[in-house]
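Asks: I have a structure I would like to understand better, so I am pasting it below and will then ask my questions one at a time.
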Amino acid sequence: MADASANGAFVEFERVQKSYDGETLVVKDLNLSMPKGEFLTMLGPSGSGKTTCLMMLAGFETATHGDIRLDGTSINNIPPHKRGIGMVFQNYALFPHMTIAENLAFPLEVRKIGKAKREEKVKRALDMVEMGDFGGRRPAQLSGGQQQRVALARALVFEPELVLMDEPLGALDKQLREKMQFEITDLAHRLGITTVYVTHDQTEALTMSDRVAVFDDGRIQQLAPPDQLYEEPENSFVAQFIGENNTLEGTIKEIKGGLALVQLDDGGLIDCKPINVSEIGQRTRVSIRPERVEFNPARLSDDAHTLKAEVLEFIYMGDIFRTRLRVAGNNDFIVKTRNAPGQVRLKPGEQVEIGWLPEDCRALDAA
Amino acid sequence: MSDLKSTGPQTMDAPTPEDALHEAKALNAEDHRDASGRLVTADGRSLKSSLNRALRLQKARAMMLIAPLLIFVLVTFIAPIASMLFRSVENEIVANTLPLTTDRLESWDATQGELPPEAVFQDLFFDLFLAAEAKEHTKLGTRLNYESTGVSSLFRQSGRRLDDIGEAYQDPLEDLNEAWKEGAVWFELMSGQGQTSDGVVTNQIDRFNKLTSSNLRGDIGFAPSEEIAALLPKTTRAYTAWAVFTVFEDEDVVAAEDPWEAVYAALALDLQSPGAADRIAAYDGPQAELLQEAAANLEILPEADFTAAFLDIDEDWGDINRWETFQVYSPKYTDGYFLNSVDLQKTPDGFEARPENERIYITLFQRTIFMSLVITGSCILLGYPVAWILANLPTRTANLLMILVLLPFWTSLLVRTSAWKVMLQQQGVINDVLVWLGLVGDGSRLVMINNQFGTIVAMTHILLPFMILPMYSVMQTIQPSYLRAAKSLGATNWTAFWRVYFPQSVPGIGAGSILVFILSIGYYITPEIVGGTKGVFISNRIAYHISSSLNWGLAAALGTILFVVVLVLYWAYDKIVGIDNVKLG
């Protein structure tokens, strides 16, 4: 299939809205465009509308308003079984009364593919997920990870160009989950499949995706590659939701030369990078990642503002130290330092001076 | 394994290399074995028996908890079933009522075309006389009437006139000597002298108990001497039988009562037996003169001809077919009830089909099974969509609908069935509506009740909940994601249902079908009310035999067959579908 859309988008949501009860919108004005071959993750807390979006794309829910296009064709009125989209479900949804091979043959059978060809494809798909010897077993006889692989193979066996995954790793233990994360991305990139992946696990989203769409309150809060998402959150929801984050409340005093001077509520002054604040006197929430805080002011530029802090707790975690501080009235200010040679180990009660580079400190909306 | 290590050599202080060596040895030796190589515990007992001992206590405690229920089930469920199974083959009544006759009949060959010999009729007289006095002969008559119509009245009639046969011997004896009227004289004569023969008394007590289904024991205050038992065997037997009856049934004293007519007849037979005169002449016990006088005047007694006497009462006694029936049904256990249940009957040569007009049970069994299948099928067809809707609606609505499904359970079965009568009868609601709509002429109203159609409709309605509930509980466990997965894989709605949903709902269908089929195969009330003659089930026939014809043996045999049919179906179901697949909730 050639990219018919003008901007080269393979999957497109245009002004999509969804309401279940006619009173509240679950998805509010969704616009999204994905190029072919992209691995996009929809990340968000439960109830943020991410699964609804996936279901609309799969065809199990209809959009209340707006247009969903696949390869340039509107699919709003195409029933799910004609969309040709592979889907992996949260509980795998392997048919318990069929063997693994029968499960995999099912999509080929309903497509009326001949027996010989079918068997060949099933075998290839099972080999692809390293489950070649399990064709004769029933789903109940497999472990969670094995079922997950079979579900993946089943979603891919009929060679769809788009695969949807709805929290497919949610039921697995941590180690297996990490292994499968790698396997899934590897497979998706190898086969060049466009993938929409839904999860509420941010680590999963960051490690697997080409781009992540952070959902909240029925809207995409930010759509960006993982590094950008982590380092340059565009609003305080994203900053809070992705990774660990320290926040300080304050008011904009001055904006000049791409820097904002923020007066914190306890009177201290800090330098920040203004993101979605523009007016003097506006309330703001300042966000600093724990690993960007500096104990050694010598490493900061000369005119950098510093703050006094009191050590409340020191947690030794092996590879890193986690220090909890009281900063400007915030008792949960976390600083992470690497367990490097010469790194200081602070004791509770110590008074220290902390600081950071202005570009690591982002002044966001106060909401 | 490491639990057993405590027996290995251990030291309290810090481990040394030597300790490690010991430990290694202990590891090899730690699974203690006895001479025959079995594992044993530390103190040398067999590990297996030790484990059993430990588990036994737990089991005993668990057993005590379930004991009340177990006993309850045994007493109220297993025992009645066992008793019913037994009743279907039990046939002791013939041998218990006519013990002498059935014994002697064994050697009679019915195919010769001749009546049984005189001895059989003699035995029949004594057996029947006692049975008639105990009023047990009519029960036997009823029992044998199942096999040969008319036996009942034959026995009842004969029972009334047995006295006449005995009086033919009693009167001449009493005319000869008034002393024969005296109970005390009889008692003295029969008691005799010397060693008493207790075996005769015990035999007669056993016989009495069997005849009257009682369990009486004790001293009857009479025992014949061995001498008199050898001299007058039949009289001794008849007198003892009378004595037992007098003590246990009439609660009188033996010595104070006159014996009944059968005893005189027995005496006459003894006196007439060859060589009796010589032996009596040699007898010197009490009342020997009286006996010798009677022996000397044999000519006053009529010739013993019981055959003629019975034929005189009722010429049916001359019917060889009757005697064949008695012979065929004299064993203590019989397959007669079962043969009857499948429209066969027993003859001396084996089995043969019953006459055309008496064959009903095969038809009834076939009809019962066929209609139960139709009802089960209708329940599946009607119940499946309902269960599906219930399983897929939001809980609130589903609960409301579930109440509607359960509503019939809260209404009396009789009311529901009667309601169908109102609906389906020719002047009923449905017919009225059809006539009003002009679909059916007033003269040609549909017959929908008192036939198979009515039974099927009413029973489908009544048994529907039993189908819906298990289906519902199974369907509830089928996650909607299976259907979605199927559709996302390219299946149409129908294919997704048929290939993915339906196979997973089969256990529910199976459970519901077993329930409905087993319930309907034994259903009674509904077919009785709306079934007419064409729509009744085998259970209606069983009920008839239990409560009206009182042929419990046949009812038990029919019930046993039904029971076996259900077991066979259950077994077949297990083989085909697998009973593990049945889910009731």
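The values are calculated or read from the model by the stated rules, or taken from the named source; none is laboratory data. Since we're looking at a predicted model, the values are computed, not measured. In this analysis, Cβ positions are derived from the backbone assuming ideal geometry, glycine residues included, and neighbour counts consider all displayed protein chains.
Asks: Here is a list: B:Thr533, B:Thr455. Which entry is more than 14 Å from every other protein chain (Cβ to nearest Cβ) and crowded, with 24+ Cβ neighbours inside 10 Å?
Replies: On inspection, the qualifying residue turns out to be B:Thr455.
Asks: Taking only pairs six or more apart or across chains, which ones have beta-carbon atoms under 7 Å, a first residue in segment B:348-366 that is on the phi < 0 side of the Ramachandran plot, and a second residue that is in a helix (DSSP H, G or I) and small (Gly, Ala, Ser)?
Replies: B:Pro348/B:Ala110; B:Tyr361/B:Ser341
Asks: Provide a single number: the residues in segment B:237-260 that are charged (D, E, K, R) and at pLDDT 90 or above.
Replies: 1
Asks: Restricting the search to segment B:118-151, which residues are without any contact (Cβ under 8 Å) to a residue 12 or more places away in the chain and under 26 Å from B:Tyr264 (Cα atoms)?
Replies: Correct list: B:Lys135 only.
Asks: Every residue in segment B:487-498 that is more than 7 Å from every other protein chain (Cβ to nearest Cβ) and surrounded by 21 or more Cβ atoms within 10 Å (Cβ to Cβ), please.
Replies: Passing the criteria: only B:Ala496.
Asks: From the list A:Met34, A:Met131, exactly one residue is within 28 Å of A:Val212 (Cβ to Cβ) and either more than 11 Å from chain B (Cβ to nearest Cβ) or in contact with an Asp or Glu (Cβ under 9 Å, 6 or more places away or on another chain) (or both). Which is it?
Replies: A:Met34
Asks: Within segment A:167-189, is there a residue that is within 20 Å of A:Met56 (Cβ to Cβ) and away from chain B (no Cβ under 14 Å)?
Replies: no
Asks: I would also like to ask the following. Looking at (1) loosely packed, with under 13 Cβ neighbours inside 10 Å; (2) acidic (Asp, Glu); (3) in a strand (DSSP E or B), find the lone condition where A:Glu310 falls short.
Replies: (1)
Asks: Here's a follow-up. Can you pull out every residue in segment A:101-128 that is away from chain B (no Cβ under 14 Å), in contact with a Gly (Cβ under 9 Å, 6 or more places away or on another chain) and of a type outside the set (Gly, Ala, Ser)?
Replies: Scanning segment A:101-128 gives A:Lys123, A:Leu126.
Asks: Still on this structure: If A:Ala101 satisfies all but one of (1) part of a loop (DSSP other than H, G, I, E, B); (2) aliphatic (A, V, I, L, M); (3) under 28 Å from B:Ser505 (Cβ atoms), what's the number of the condition it fails?
Replies: Result: A:Ala101 fails condition (1) only.
Asks: Going through segment B:325-350 one residue at a time, which ones are touching a Leu at 6+ places or on another chain (Cβ under 7 Å) and in a loop (DSSP other than H, G, I, E, B)?
Replies: B:Tyr329, B:Ser330
Asks: Taking B:Phe563 and the conditions (1) in contact with a helix residue (DSSP H, G or I) (Cβ under 7 Å, 6 or more places away or on another chain); (2) more than 13 Å from chain A (Cβ to nearest Cβ); (3) in a helix (DSSP H, G or I), which numbered condition does it fall short on, given that it satisfies the others?
Replies: (1)
Asks: Looking only at residues that are free of Cβ contacts under 8 Å to residues at least 60 places away in the same chain and either more than 7 Å from every other protein chain (Cβ to nearest Cβ) or part of a loop (DSSP other than H, G, I, E, B) (or both) in segment A:69-91, which one is nearest to B:Gly490 (Cα to Cα)?
Replies: A:Lys82
Asks: Looking only at segment B:181-230, which residues are over 13 Å from B:Trp242 (Cα atoms) and of a type in the set (A, V, I, L, M, F, W, C)?
Replies: Passing the criteria: B:Ala184, B:Val185, B:Leu189, B:Leu211, B:Leu216, B:Ile228, B:Ala229, B:Ala230.
Asks: Can you give me the number of residues within segment B:275-296 that are more than 12 Å from B:Leu231 (Cα to Cα) and not in a helix (DSSP H, G or I)?
Replies: Result for segment B:275-296: 2.
Asks: Can you find even one residue in segment A:284-298 that is at pLDDT 85 or above, touching a helix residue (DSSP H, G or I) at 6+ places or on another chain (Cβ under 7 Å) and among the hydroxyl-bearing types (Ser, Thr, Tyr)?
Replies: Scanning segment A:284-298, I find at least one residue that is at pLDDT 85 or above, touching a helix residue (DSSP H, G or I) at 6+ places or on another chain (Cβ under 7 Å) and among the hydroxyl-bearing types (Ser, Thr, Tyr), so the answer is yes.
Asks: I've got another one for you. Let me spell it out: the conditions are (1) within 14 Å of chain B (Cβ to nearest Cβ); (2) in a helix (DSSP H, G or I); (3) surrounded by fewer than 20 Cβ atoms within 10 Å (Cβ to Cβ), and A:Pro96 meets all of them except one. Which number is the exception?
Replies: (2)
The rows are residues; the columns are (1) without any contact (Cβ under 8 Å) to a residue 24 or more places away in the chain; (2) farther than 30 Å from B:Arg445 by Cα; (3) surrounded by fewer than 17 Cβ atoms within 10 Å (Cβ to Cβ); (4) among the aliphatic types (A, V, I, L, M).
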{"site": "B:Ile375", "(1), (2), (3), (4)": "no, no, no, yes"}
{"site": "B:Val386", "(1), (2), (3), (4)": "no, yes, no, yes"}
{"site": "B:Ile389", "(1), (2), (3), (4)": "yes, yes, yes, yes"}
{"site": "B:Leu393", "(1), (2), (3), (4)": "yes, yes, yes, yes"}
{"site": "B:Leu404", "(1), (2), (3), (4)": "yes, yes, yes, yes"}
{"site": "B:Leu414", "(1), (2), (3), (4)": "no, no, yes, yes"}
{"site": "B:Trp420", "(1), (2), (3), (4)": "no, no, no, no"}
{"site": "B:Asp432", "(1), (2), (3), (4)": "yes, no, yes, no"}
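Asks: Any idea which residue in segment B:499-514 is nearest to the other protein chains (Cβ to nearest Cβ), counting only those that are closer than 19 Å to A:Pro139 by Cβ and among the polar types (S, T, N, Q)?
Replies: B:Gln504
Asks: So which of A:Arg154, A:Arg138 is at pLDDT 90 or above, surrounded by fewer than 18 Cβ atoms within 10 Å (Cβ to Cβ) and in contact with a helix residue (DSSP H, G or I) (Cβ under 8 Å, 6 or more places away or on another chain)?
Replies: Only one candidate passes the filter, namely A:Arg138.
Asks: Further question: Within the bounds of segment B:88-100, is there any residue that is more than 28 Å from B:Phe338 (Cβ to Cβ) and in a helix (DSSP H, G or I)?
Replies: Yes: one or more hits.
Asks: Also: What number goes with the only condition from (1) touching a residue at least 60 places away in the same chain (Cβ under 8 Å); (2) facing chain A (nearest Cβ under 7 Å) that B:Ser481 does not pass?
Replies: Among (1) touching a residue at least 60 places away in the same chain (Cβ under 8 Å); (2) facing chain A (nearest Cβ under 7 Å), B:Ser481 violates only (1).
Asks: Let me ask something else about it. Could you give me the residue pairs with C-beta distances under 8 Å whose first residue belongs to segment B:274-295 and is in the same structural domain as B:Glu227 (by TED's automatic domain parsing), whose second residue is outside any loop (DSSP other than H, G, I, E, B) and among the charged types (D, E, K, R) wherever it lies, and which are 6+ apart or on separate chains?
Replies: Hits for this filter: B:Ala276/B:Asp270; B:Tyr283/B:Glu227; B:Gly285/B:Glu227; B:Pro286/B:Glu188; B:Gln287/B:Glu188.
Asks: Taking segment A:55-68, which residues are outside any loop (DSSP other than H, G, I, E, B) and either away from chain B (no Cβ under 14 Å) or among the polar types (S, T, N, Q) (or both)?
Replies: Those that are outside any loop (DSSP other than H, G, I, E, B) and either away from chain B (no Cβ under 14 Å) or among the polar types (S, T, N, Q) (or both): A:His65, A:Gly66, A:Asp67, A:Ile68.
Asks: Still on this structure, please answer the following. Would you mind stating whether A:Asp332 is part of a loop (DSSP other than H, G, I, E, B) and either in contact with a Lys or Arg (Cβ under 6 Å, 6 or more places away or on another chain) or of a type in the set (D, E, K, R) (or both)?
Replies: In short, no.
Asks: Additional query: Considering only residues that are touching a helix residue (DSSP H, G or I) at 6+ places or on another chain (Cβ under 7 Å), more than 26 Å from B:Thr307 (Cβ to Cβ) and of a type in the set (D, E, K, R), which ones fall in segment B:319-361?
Replies: Of everything in segment B:319-361, those that are touching a helix residue (DSSP H, G or I) at 6+ places or on another chain (Cβ under 7 Å), more than 26 Å from B:Thr307 (Cβ to Cβ) and of a type in the set (D, E, K, R) turn out to be B:Lys332, B:Asp343.
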